[in-house]
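The values are calculated or read from the model by the stated rules, or taken from the named source; none is laboratory data. Keep in mind that this is a model prediction, so the values were computed, not measured. As a convention, Cβ positions derive from the backbone with ideal geometry for all residues, glycine included, and neighbour counts pool all protein chains shown. Side chains included, ligands, DNA and RNA excluded: accessible areas come from the protein's heavy atoms. Shrake-Rupley method; radii C 1.70, N 1.55, O 1.52, S 1.80 Å.
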Amino acid sequence: MSYIPISEQDKKEMLARIGVESVEDLFCCIPESIRLKGLLNLPGPLSEPEILEYFEERGKKNSFDRYLSFLGGGAYDHFIPAVVDYLSSRGEFVSPYTPYQPEVSQGTLQVIFEFQTLICQLTGLDIANASLYDGATGAAEAVLMANRVKNKKRLLVASNVHPEYRQVIYTYTRNLGLEVVEIPYDRLGRVDQKGLESALNSHTSVLLCQSPNYFGVVEDLKSLGELTHRHDALLAVVISEPLSLGLLEAPGKLGADIVTGEAQSFGLPLSYGGPYLGFMACKKEFVRQLPGRIAGQTVDAEGRRGFVLTLSTREQHIRREKATSNICTNQAHCALRATIYLETLGRQGLKKMAWLNLQKAAYALETLTAIPGVSRKFGGPVFNEFVLEFPTDWNRIKQKLEEKGILGGLALGEAYQGLEKCALVTITEKHSREKIDRYAQVLREVLK
Amino acid sequence: MINVIREPLIFEISSPGKSGVRLPNLDVPEKLDVLEGLTVREDLEGFPEVSETEVTRHFTRLSQMNYCVDFGFYPLGSCTMKYNPKLNEKVAGMASLAGVHPLAPEKLAQGNLELMKTLEKLLCEITGMDAVSLQPAAGAHGELTGMMLIRAYHEAQGNPRKYVLIPDSAHGTNPSSAHICGYVVREIKSNDRGTISLEDLAREMTEEVAALMVTNPNTLGVFESEICQISEIVHAKGGFVYMDGANLNALAGITRPGDMKVDVLHLNLHKTFSTPHGGGGPGSGPVAVKKILEPYLPVPIIEEKDGQYHLNYNRPKSIGRVKSFYGQFLVMLKALAYILALGPAGLREMTEIAVLNSNYIRKSLEGVYHLKYDSPTLHECVFSDKFQKDFGVSNLDISKRLLDYGLHPPTMSFPLIVHGALMIEPTETESRRDLDLFIEAMKAIDREARENPELLRTAPHITYVRRLDEVQAARNPILRWEKK
């Protein structure tokens, strides 16, 4: 086996030094009754070209790339500069462990420190962690964190938060005696403030909302922050399209206490859903309740700047069952990719990228709603996603569009009663005017 | 190349007007009224502005400050830092696989669904379990999912139960995962062999105990030989046996958790199945279960019918979702490529050589370093600094000195039942030459401890930075760069 560099001769000499006759003897501690009698029933071994062919064949069974896609909803197809792939594939970044020995891990640690800084700058909050698994688990960790800070059992979650994020919140909270209450949305597609006001009470720890939310609508965070704070609850914001932060005011400046989200947009391919990149930032007074790894600055024995993992008394390897979270391995390499992406784009690039998304989405919204029978469902302002309403059930229109090579948007009817005729349409900078016009043309034909 | 340049933070080399990317111009009419109702930020204060050259140099220099498996021996116990085959990276980079949107219609993603289903089946065969969910993102996430399955089962019987038993040698994630699942942890003391004693277990195991979490082989590298009796004691009181599969590299192809009557376990694809650790993730922590727990697995599950693959969300007993979409798909591809490359005989050889390498190191360092437990060990062994302590040298000093020899140290101060622990797991991907380099370095360091302990206490001497002040970092946290 080419990955095993021990020869038969090595094996013989090593067994002699150990003082046993065969490798078999090293397993004498495993009772005979549970030892496998033969080999496992597995395919292979396959050679290198055979493996490539095996995966290429499966790739051909995916026909997704033959379609013009307008799908988003928490997973976005953005342009990735060549340097991101090139630099992130260096073995020195791919093949180290978690930086437990900081003296030989300064690369990884400095990257985390820079990542934390970028997340703080984007979110407008004081501190950020090294990463979480994804936006959904980030949302769950955010409400659990708010519960630890406020020590109150009622958690409010906006119903226009990504349906999968809400499902993960339910899975995480249901064994802990916490009460999760969903807040309805209004005609603008935003959190219904009246509904929120009546749900807030003295037992409430937090309101978790998403902005832009699952309908693509940007929330009025300032009002939501004022309302929740008035009831001594925290405002937690989850963001599934953080590219919006290249344009929109930082949530921390508008009253958010915790900002979490999904940073797949920052240099990660669609990857059929993973690995993605959860992030979390908060006000500094909550630092002891923040889950996950954190890198911090310090000095070495000669007084030079260096970085270490710090505040680990929050973590499972020290605190065991009293830890803030059970998270251990997280998404360091994805955070590296996001860091390279953000630093490559920089201040100008990120602003321009956000502007391209905003303007193209506005053009698409105008073009598509000019088609008879197609209307904008929610009046609230959007970034790069919006909800359209059609004359009939979306699934029927979707089917016809698919036959003409277009994935026109995500159905909302399953997650939201009353939105059966609606679809969530996503536009990124990769959609040229020609692609958007083609969608409009085909949609027009389909609706005739 | 020796890194003599002190690399600043990117923010410190930024200057206005630069960018590392050329983006296309807007090809639709620009409209300013779309900003209506939006609160727009004034600027991205402090955000870096650098050219592509500067980005490339920055990250190339940072990379050179990292130790990594591609460079050398990385004997972190319980971490299974084996070589990451490069073919697997190529597979995971295939656009036809990685370019698919997770919410694409199923019929446009049949290839990806088939690959996931194939991996599930192979993991079932390797573990001897009945069903697998690939959704959990990492080992600890798999543990949490596994404990949630157990809880959901007990709840369905009318009582979630109260306690989870965990040996004192367990990974910290075990008690933490049990706690987040709403259980109270009861610790079981290890006996003088470093394993679970049946008497202790029988005494602790009541009908209020939901499960036992057991790592096998445990964190000392010692196989729980009485695992079948352990399982019987737990089952007799209606509890489940949860196995932490972090150490599967000692068992694959030799024995199967399913045959030890384990009910649920998680796997670490980033350990046993060679996917790279990436400096701290992404991992992947599939959960494997026996039939009795299958109805509770996270949604969706992948089903196959007449060669067509389908995602089933309609599972009334399911615990729900633990993550968005389906898990760490690209990591799964790498693990699948690895299993296909090894085949059944290769998988067995993987385990055999991992155990051979570990025992070779153990034998070579016996007497030089203290071994608290003399039970036979499999893929890892745990020494301590007891002998060197006499000269005022700790496991930390030994570890830091190893860095000067160009080697990565073992896991330090874990498991907690060995004071001053040095936990060594070489894996099967080390040559004898690299094993000998490590052994000779460890012997040389022992001599240095006797002759010149100060050399160890001030180590490392030749790394990019010297020993770092971790106390100051925690006492006066600086967690981000700020403009002066």
**Request:** Evaluate peptide B:373-379: per residue, the Cβ atoms of other protein chains within 10 Å of its Cβ; return the mean as an integer.
**Result:** 2
**Request:** Choose one answer from A:G379, A:G261, A:G418: the residue with the largest mean-square fluctuation in a GNM of chain A with alpha-carbon springs under 10 Å.
**Result:** A:G418
**Request:** Starting from the amide H of A:V238, placed 1.01 Å from N in the peptide plane, find each other amide H under 5 Å away whose residue is 5 or more places distant or on another chain.
**Result:** A:C209, A:Q210, A:S211, A:T260
**Request:** Would you mind giving the total buried accessible surface between chains A and B, with a 1.4 Å probe and ligands, DNA and RNA left out, rounded to the nearest 100 Å²?
**Result:** 17200
**Message:** Suppose R0 equals 45 Å. What FRET efficiency, 1/(1 + (r/R0)^6) with r the Cβ-Cβ distance, do A:V181 and A:C29 give to the nearest 0.05?
**Reply:** 0.25
**Message:** Compute accessible area for the range B:395-429 by itself and then with all protein chains, 1.4 Å probe, and report residues whose area falls by 20 Å² or more.
**Reply:** B:K400, B:L403, B:H408, B:L416, B:E428, B:T429
**Message:** Just to confirm, what accessible area per residue do you get for the range B:129-250 at 1.4 Å probe, in whole Å²?
**Reply:** 26
**Prompt:** Among rounded, prolate and oblate, which fits the range B:87-341 when a ≥ b ≥ c are the square roots of the eigenvalues of its C-alpha gyration tensor, a/c under 1.5 means rounded, and a/b larger than b/c means prolate?
**Reply:** prolate
**Message:** What whole-number distance in Å separates the alpha-carbon centres of the range A:380-434 and the range B:40-60?
**Reply:** 35
**Asked** Relative to the present Cα-Cα distance, how much length would full extension add between B:K363 and B:E187 at 0.36 nm per residue of separation?
**Response** 60.2 nm
**Prompt:** How do A:322-333, B:101-112 rank on mean C-beta neighbours within 10 Å, highest first?
**Reply:** A:322-333, B:101-112
**Request:** Using a 1.4 angstrom probe on heavy atoms only, work out the carbon and sulfur share of the accessible area of chain B in %.
**Result:** 50
**Item:** Packing rank of A:393-400, B:372-379, B:83-90, B:303-310, where each peptide gets the mean count of other beta carbons within 10 Å, highest leading
**Value:** B:372-379, B:83-90, A:393-400, B:303-310
**Asked** Straight-line reach from B:K484: which lysines have Cα under 23 Å away, leaving out those fewer than 8 places along the same chain?
**Response** A:K253, A:K283, A:K284, B:K18
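Net charge near B:I10, counting Lys/Arg +1 and Asp/Glu -1 over other residues with Cβ under 12 Å of its Cβ?
Charge balance near B:I10 sits at -2.
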**Prompt:** Tell me, what HN-Hα J-couplings in whole Hz come from the Karplus equation 6.51 cos²θ - 1.76 cosθ + 1.60 at θ = phi - 60° for each residue of the range A:70-80, using x for Gly and Pro?
**Reply:** 10, 8, x, x, x, 9, 10, 9, 10, 5, 10
**Message:** Helix-only mean residue ellipticity at 222 nm, the protein assembly as shown, DSSP H runs n ≥ 4 weighted -39,500 (n - 2.57), per residue, nearest 500. What is it?
**Reply:** -11000 deg cm²/dmol
**Asked** Is any residue of the range B:76-93 close enough, with backbone N under 12 Å, to a label point placed 7 angstrom from the Cα of A:S2 along the Cα-Cβ axis, and if so, which?
**Response** B:85-88
**Message:** On a 1.4 Å probe surface of the protein chains, which of A:D10, A:D65 comes out largest in accessible area, and what is the full order?
**Reply:** A:D65, A:D10
**Message:** Students often get this wrong, so check it: of A:K60/B:K291; A:K430/B:K82; A:K435/B:K107; A:K37/B:K107; A:K60/A:K448, which have C-alpha atoms separated by over 30 Å?
**Reply:** A:K60/B:K291; A:K430/B:K82; A:K37/B:K107; A:K60/A:K448
**Prompt:** Taking every eigenvalue of the Cα gyration tensor of the range A:23-114, multiplying by 5 and rooting it, what semi-axes result, largest first, whole Å?
**Reply:** 38, 30, 14
**Complete:** Phi angles of the range A:418-433, converted by Karplus (6.51 cos²θ - 1.76 cosθ + 1.60, θ = phi - 60°) into ³J(HN,Hα) in whole Hz with x for Gly and Pro, give x, 10, 5, 8, 10, 9, 9, 10, 10, 10, 10, 5, 7, 8, 6, 4
**Asked** Hey, any idea what Rg/Rh is for chain A, computing Rh the Kirkwood way over Cα pairs?
**Response** 1.04
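State in Å² the accessible area per residue of chain A; use a 1.4 Å probe, count heavy atoms of protein chains only, and round to the nearest integer. Kindly include the intermediate steps, with their values, before the conclusion.
Values: 14950 Å² over 448 residues.
Computed with neighbouring chains in place, this is 33 Å² per residue.
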**Message:** Heavy atoms only, 1.4 Å probe, whole protein assembly: order B:H235, B:H419, B:H408 by accessible area, highest first.
**Reply:** B:H419, B:H235, B:H408
**Item:** Rounded percent of accessible protein surface that carbon and sulfur make up, chain A, 1.4 Å probe
**Value:** 48
**Message:** Please report the accessible area of B:I230 (heavy atoms, 1.4 Å probe, ligands and nucleic acids excluded) in Å², nearest 10.
**Reply:** 0
**Message:** Suppose we compare each residue of the range A:65-102 in its chain alone and in the full protein complex with a 1.4 Å probe; which ones drop by at least 40 Å² of accessible area?
**Reply:** A:L71, A:V83, A:L87, A:R90, A:E92, A:F93, A:V94, A:S95, A:P96, A:Y97, A:Q101
**Item:** Total formal charge among the other residues, if their Cβ is under 15 angstrom from that of A:I80, Lys/Arg +1 and Asp/Glu -1
**Value:** -2
**Message:** Taking a cut-off of 42 Å, what percent of all Cα-Cα pairs in chain B are separated by more than that?
**Reply:** 27
**Item:** Mean-position separation - Cα centroids, the range A:124-172 and the range A:216-265, in angstrom
**Value:** 12
**Prompt:** In peptide A:197-204, how many Cβ atoms from other protein chains are near each Cβ within 10 Å, on average?
**Reply:** 0
**Prompt:** Which cross-chain or sequence-distant (5 or more) residues have an amide H under 5 Å from the amide H of A:V180, H modelled 1.01 Å from N in plane?
**Reply:** A:L155
**Item:** Separation of the A:N395 and A:E53 label points, Cα + 7 Å toward Cβ, nm
**Value:** 4.1
**Asked** Hey, got the average number of other protein chain Cβ atoms within 10 angstrom for residues in A:118-126?
**Response** 4
**Message:** What are the equivalent ellipsoid semi-axes of the protein assembly as shown, built from the alpha-carbon gyration tensor (square roots of five times its eigenvalues), in whole angstrom, biggest first?
**Reply:** 45, 31, 27
**For the range A:386-398, Karplus couplings with θ = phi - 60° (6.51, -1.76, 1.60), whole Hz, Gly/Pro x** = 7, 9, 10, 10, 10, x, 10, 3, 4, 4, 6, 5, 3
**Asked** When Lys and Arg each count +1 and Asp and Glu each count -1, what net charge do the other residues less than 13 Å away from B:Y464, Cβ to Cβ, add up to?
**Response** 0
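Taking only protein heavy atoms and a 1.4 Å probe, what accessible area per residue, in Å², does the range B:345-471 have with all protein chains in place?
Value returned for the range B:345-471: 34 Å² of accessible area per residue.
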